[in-house]
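K.L.:
Handing you a structure now.
What follows draws every value from the coordinates through simple rules; no lab data is involved. Keep in mind that this is a model prediction, so the values were computed, not measured. Heads up, the Cβs are rebuilt from the backbone with ideal geometry, glycines too, and the neighbour counts pull from every protein chain shown.
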Amino acid sequence: MKMQRVAVIGAGAMGSGIAQVLSQAGIEVLLKDVREEYVQKALSAVKRMYDSRVKKEVLTEAEAEYLFGMIKPTTTYDGFDDVDLVIEAAVEQIGIKAKIFEELDKICPPHAILATNTSALSISEIASYTKRPDRVIGIHFFNPAQTMKLVEVIPGLRTSSETSTACVELCRELQKIPVEVKECPGFLVNRLLFPYMNEALYVLQEGTATASEIDKAVETFGLPMGPFALFDMTGIDVCHHVNEFLYRQYGPRFKPAELLALLVEKEYLGQKSGAGFYAHASGQPSRKDEPKDLNPQLLPLLDQIRKTSPTARSPKPFSVYRVILPMFNEAIYAIQEHVVEVKDVDVAMQWGCGMSKGLLSIVNEKGLQWCLNELESYHAIYGERFRPSWLLTKMVKAGMRDFSYMEPMPASVR
Ligand SMILES: NC(=O)c1ccc[n+]([C@@H]2O[C@H](COP(=O)([O-])OP(=O)(O)OC[C@H]3O[C@@H](n4cnc5c(N)ncnc54)[C@H](O)[C@@H]3O)[C@@H](O)[C@H]2O)c1
């Protein structure tokens, strides 16, 4: 199904980026928000991007004007009776999304697909507010949508395969890299990232390594930034919220370290508040190669946590695999649950998190037996956070050395 006309609901950070991506592909976009000034602000941002492309001679003035003209701002549902797809990117509240989907279901033509860009709400629940659950789906763009290549395409329980295929095809047309992920809390990328970020907090709380040492080790390992720089950039309150949500959904494997809640309580929220794990006096992110100053209040807070809730301490010196292993393990849990295909894990982590090497390619290099041994040794000290998935245990018992036994790895990640 070719998408000729698409509507985007919500002209905030995500909606404006998604509208821009659609317009770049020459697709007509209706961009709707609740107030005219919000849509105009989004349009100005898109215009600046097109102007800069003209300046860099990527586009001619006429081309930029034509593509920019593809976006029609609106605060009403006029024209929604003629769209093939709606991508909802309004605020992350189920009540608001429920109302939007009820309205869309009445106004949009019967063939139209209704997609949500939700980060964490249930696609199946959102679909239940319509009479077309087979045509409701998650299309999860990453921030900033203009530049991030990965899109998670998330069918709900009642989404048809035709709907999924149409959305995957659209993402390819938009020059994105779609990965189909079965609906689960955190979808794939956040589900894998958060156990790793959480473990970094535990290492810090224990005093086995400092924030800068952990960040540096992770960068050397092949992620574009370390967990503490990422906490500060994303917002510690946002991460705390996601961490607690995943804990409620998955249980003890995701038990949050205490530090995040304490930082939120003290209003150290990261770059946006001027301090998080690091000090951000200018409110600007430091460049990757610039030395970062630690938030001077971090050490007293760590002392407080060590007194009130002492944690087990590993006799092993810090190794980057301590924080990476929970991510490996969670990937294998996701494969075990058929949330994702083996071939898509590396693609998602490379394009969604900027990993220089595929996650499972690293597992394959180290060998499944090594992963299991390491997980078991940490499990003996720290408990549930490191409980190996039964698929990993079963594969090792079956004599499988790596994931190539399960499914051929695509050439791009071998
Ligand atoms: N920001 C991120 O990093 C990110 C990444 C992936 C997904 N998401 C998800 O994308 C969605 C949007 O996030 P955002 O960061 O762009 O939020 P945002 O706050 O920047 O923008 C939301 C916009 O929606 C508008 N809005 C609210 N109710 C509306 C309604 N009934 N009709 C039309 N517009 C309405 C608001 O006025 C606002 O302009 C959320 O579901 C969020 O979870 C966010």
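K.L.:
Show the residues, 5+ positions off or on another chain, whose built amide H is closer than 5 Å to the amide H of Ile177.
P.N.:
Under 5 Å from the amide H of Ile177: Leu150, Val151.
K.L.:
Which shape class applies to segment 187-414: rounded if a/c is under 1.5, otherwise prolate when a/b exceeds b/c and oblate if not, where a ≥ b ≥ c are the square roots of the Cα gyration tensor eigenvalues?
P.N.:
In terms of gyration-tensor shape, prolate.
K.L.:
Any idea what the relative contact order of segment 187-414 is, in percent, if you count C-alpha pairs under 8 Å spaced at least 6 apart?
P.N.:
About 23 percent, as a whole number.
K.L.:
In nanometres, what is the gap between the two model label sites at Arg306 and Gln146, each 7 Å from Cα along Cα-to-Cβ?
P.N.:
4.5
K.L.:
Ok, one more. Only counting other Cβ atoms within 10 Å, I'd like His240, His338 sorted with the fewest neighbours first. Could you put the intermediate results ahead of the total?
P.N.:
Values: His240 20, His338 9.
Sorted ascending by nearby Cβ count, the order is His338, His240.
K.L.:
Specify the inter-centroid distance of segment 163-218 and segment 302-360, based on alpha-carbon positions, in whole Å.
P.N.:
Cα centroid to Cα centroid, the span is 9 Å.
K.L.:
If I stretch the segment between Gln40 and Glu267 completely, what's the gain in nm (0.36 nm per residue apart, minus their alpha carbon distance), one decimal?
P.N.:
78.5 nm
K.L.:
Within straight cross-link reach of Lys394, meaning Cα distance under 15 Å, which aspartates and glutamates are found once same-chain residues fewer than 8 apart are removed?
P.N.:
Answer for Lys394, where 15 Å is the Cα cut-off: Glu337, Glu376, Asp402, listed by chain and number.
K.L.:
Rank Ala348, Tyr378, Leu360 by how far each Cα sits towards the positive end of the charge dipole of the chain (+1 on Lys, Arg Cβ; -1 on Asp, Glu Cβ) and give me just the farthest.
P.N.:
About the Cα centre, the residue reaching furthest to the positive side is Tyr378.
K.L.:
Further question: Among Gln271, Asn329, Ala211, which residue has its Cα furthest toward the positive end of the charge dipole of segment 187-414, with +1 on Lys/Arg Cβ and -1 on Asp/Glu Cβ?
P.N.:
Selected residue: Asn329.
K.L.:
In degrees between 0 and 90, to the nearest 10, how far off the longest principal axis of the chain does helix 321-336 point, with axes built from Cα atoms?
P.N.:
Roughly 50 degrees, rounded to the nearest 10.
K.L.:
Right, next: Can you tell me the dipole magnitude for the chain around its Cα centre, using point charges on the Cβ only (Lys, Arg +1; Asp, Glu -1), in Debye to the nearest 20? Intermediate values should be presented prior to the final figure.
P.N.:
On the way: 46 positive and 52 negative charges, 160 e Å.
Approximately 760 debye in magnitude.
K.L.:
With just the Cα atoms defining each centre, how far is segment 57-121 from segment 230-271? Give it in Å.
P.N.:
Their Cα centres are 31 Å away from one another.
K.L.:
Another question, if that's okay. With θ taken as phi - 60° and the coefficients 6.51, -1.76 and 1.60, list the Karplus ³J(HN,Hα) couplings across segment 225-234 in order, rounded to whole Hz; mark glycine and proline as x.
P.N.:
Using θ = phi - 60°, the values come out as 8, x, x, 6, 5, 5, 4, 5, 6, 6 Hz.
K.L.:
Quick one: Karplus J couplings for segment 41-49, per residue in order, coefficients 6.51, -1.76, 1.60, θ = phi - 60°, nearest Hz, x for Gly and Pro?
P.N.:
With the stated coefficients, segment 41-49 comes to 4, 5, 4, 4, 5, 5, 4, 4, 5 Hz.
K.L.:
Something else: Enumerate the calculated ³J(HN,Hα) couplings along segment 273-280 in order (Karplus 6.51 cos²θ - 1.76 cosθ + 1.60, θ = phi - 60°), each rounded to whole Hz, writing x wherever the residue is Gly or Pro.
P.N.:
Each residue's phi maps through the Karplus curve to give 9, x, 7, x, 6, 10, 8, 10 Hz.
K.L.:
From the residues His338, Val238, Ala281, which one has its Cα farthest along the dipole of segment 187-414 in the positive direction, the dipole being from +1 and -1 charges on Cβ of Lys/Arg and Asp/Glu about the Cα centre?
P.N.:
In segment 187-414, that residue is His338.
K.L.:
Let me ask another. Starting from the Cα-Cα distance between Glu173 and Tyr66, subtract it from 0.36 nm times their residue separation and give me the gain in nm to one decimal.
P.N.:
On the way: separation 107, 0.36 × 107 = 38.52 nm, distance 1.83 nm.
36.7 nm is the gain from fully extending Glu173 to Tyr66.
K.L.:
Treat every Asp and Glu Cβ in segment 5-180 as -1 and every Lys and Arg Cβ as +1, leave all other atoms uncharged, and give the resulting dipole magnitude about the Cα centre to the nearest 20 debye. Mind showing how you got there, number by number?
P.N.:
On the way: 20 positive and 25 negative charges, 69 e Å.
Around 340 debye, computed over segment 5-180.
K.L.:
Where Lys and Arg each count +1 and Asp and Glu each count -1, what net charge lies around Arg5 among other residues with Cβ under 15 Å from its Cβ? Could you put the intermediate results ahead of the total?
P.N.:
Working: positive: Lys2, Lys32, Lys72; negative: Glu28, Asp78, Asp81, Asp82, Asp84, Glu173.
Neighbour charge sum, excluding Arg5 itself: -3.
K.L.:
Full extension from Glu384 to Lys316: what is 0.36 nm times the residue separation minus their Cα-Cα distance, to one decimal in nm?
P.N.:
The span from Glu384 to Lys316 would gain 22.6 nm if fully extended.
K.L.:
May I ask for the net charge around Arg135, where only other residues with Cβ less than 12 Å from the Cβ of Arg135 are counted and Lys, Arg are +1 while Asp, Glu are -1?
P.N.:
Here the charged neighbours net out to -1.
K.L.:
Straight distance only, please: which aspartates and glutamates reach the Cα of Lys272 with their own Cα at less than 14 Å, same-chain residues fewer than 8 apart left out?
P.N.:
Within the straight-line limit of under 14 Å, Lys272 reaches these aspartates and glutamates: Asp232, Asp237.
K.L.:
Something else: Working from Cα positions, state the angle (0 to 90°, nearest 10) between the long axis of helix 368-382 and the longest principal axis of the chain.
P.N.:
70
K.L.:
Determine, from the Cβ-Cβ distance of Ser161 and Lys2 and an R0 of 22 Å, the FRET efficiency 1/(1 + (r/R0)^6), rounded to the nearest 0.05. List each step's numbers first, then the result.
P.N.:
Details: r = 18 Å, r/R0 = 0.80.
Using R0 = 22 Å, I get an efficiency of 0.80.
K.L.:
Also, quick follow-up: To the nearest 10 degrees, how steep is helix 236-250 against the longest Cα principal axis of the chain, on a 0 to 90 scale?
P.N.:
Value to nearest ten degrees: 80.
K.L.:
What value, in deg cm²/dmol to 500, does the helix sum -39500 (n - 2.57) over DSSP H runs of n ≥ 4 give at 222 nm once divided by the residues of the chain? Don't jump to the answer; show the numbers that get you there.
P.N.:
Details: 17 runs with 201 residues, N = 414.
Rounded to the nearest 500, it is -15000 deg cm²/dmol.
K.L.:
In a shell of Cβ-Cβ distance under 12 Å around Pro388, excluding Pro388 itself, what net charge do Lys and Arg (+1) and Asp and Glu (-1) give?
P.N.:
+1
K.L.:
Can you give me the distance in nm between label points at Glu92 and His338, each placed 7 Å from the Cα along the Cα-to-Cβ direction?
P.N.:
My value for the distance between the label points is 2.9 nm.
K.L.:
May I have the extent of the alpha carbons of the chain along their three principal axes, as whole Å values ordered from largest to smallest?
P.N.:
Over the chain, Cα extents along the principal axes are 64, 53, 43 Å.
K.L.:
List the pairs from Lys32/Lys55; Lys2/Lys176; Lys41/Lys266 whose alpha-carbon separation is above 23 Å, in the order I gave them.
P.N.:
Table pairs above 23 Å Cα-Cα are Lys32/Lys55; Lys41/Lys266.
K.L.:
If you take every DSSP beta bridge whose two residues both sit in the chain, what share of them, in percent to the nearest 5, is antiparallel?
P.N.:
Here the share of antiparallel DSSP bridges comes out near 25 percent.
K.L.:
Once you put a point 7 Å from the Cα of Ala281 and another 7 Å from the Cα of Arg248, both along the Cβ direction, what distance in nm separates them?
P.N.:
4.0
K.L.:
According to the square roots a ≥ b ≥ c of the eigenvalues of the Cα gyration tensor, what is the shape class of segment 345-409, taking rounded for a/c under 1.5, prolate for a/b larger than b/c otherwise, and oblate for the remainder?
P.N.:
oblate
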